[in-house]
Amino acid sequence: GIEAFNYRRQAVGDALAALAPEGVDVFFDGVGGRTLDEALLHMSKFGTVLNVGAVSEFSSSSRGGLANAHAITDRALRISGFGVANYVPDFADARRRLADLVLAGKLTTEETVFGWEEYGA
């Protein structure tokens, strides 16, 4: 399942320990910085970190390194970066192929709308 928490009201480490006491299998990270650093300590063995950015460091003049980088080796983690800009040449073909799938009824969508107030935002 997918779990969420408000990092402004609960420390990242405390939240991850409560939500995944056995460890986090997959961590989807767009924050980086201290959030990623703390998450590394709560990953399960052979866990995966998917990184799509580091918004916490966009306006920072001093970027810190990962103090908990040892967890990558200790837990045999797999870390993959994904930047959509790397796929710009494929956009037109992808749009065409996805549209064909939608028109053929082979690709459908499901939408769930919720408010952040449910998470104490």
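The values are calculated or read from the model by the stated rules, or taken from the named source; none is laboratory data. Bear in mind the structure is a predicted one, so any value in this text is a computation, not a measurement. Please note: Cβ atoms are built from the backbone with ideal geometry, for glycine as well, and neighbour counts cover all protein chains shown. Ligands, DNA and RNA are excluded from the accessible area calculation, which covers all protein heavy atoms including side chains. Shrake-Rupley method; radii C 1.70, N 1.55, O 1.52, S 1.80 Å.
Summary of computed values
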{"read-out": "Selection count where residues are over 30 Å from Leu40 (Cα atoms) and in a helix (DSSP H, G or I), scope region 98-118", "value": "6"}
{"read-out": "Selected residue (criterion: nearest to the chain's Cα centre (by Cα)) from residues of region 99-121 that are at pLDDT 85 or above and open to solvent by less than 90 Å² (accessible area, probe 1.4 Å)", "value": "Leu107"}
{"read-out": "Matching entry among Gly53, Gly33, Gly13 (being out of contact with any strand residue (DSSP E or B) (no Cβ under 9 Å at 6 or more places or on another chain), open to solvent by less than 70 Å² (accessible area, probe 1.4 Å), at positive phi and of a type outside the set (A, V, I, L, M, F, W, C))", "value": "Gly33"}
{"read-out": "Single residue of region 78-92 satisfying the filter (aliphatic (A, V, I, L, M), farther than 14 Å from Asp29 by Cα and at pLDDT 95 or above) that is nearest to the chain's Cα centre (by Cα)", "value": "Val88"}
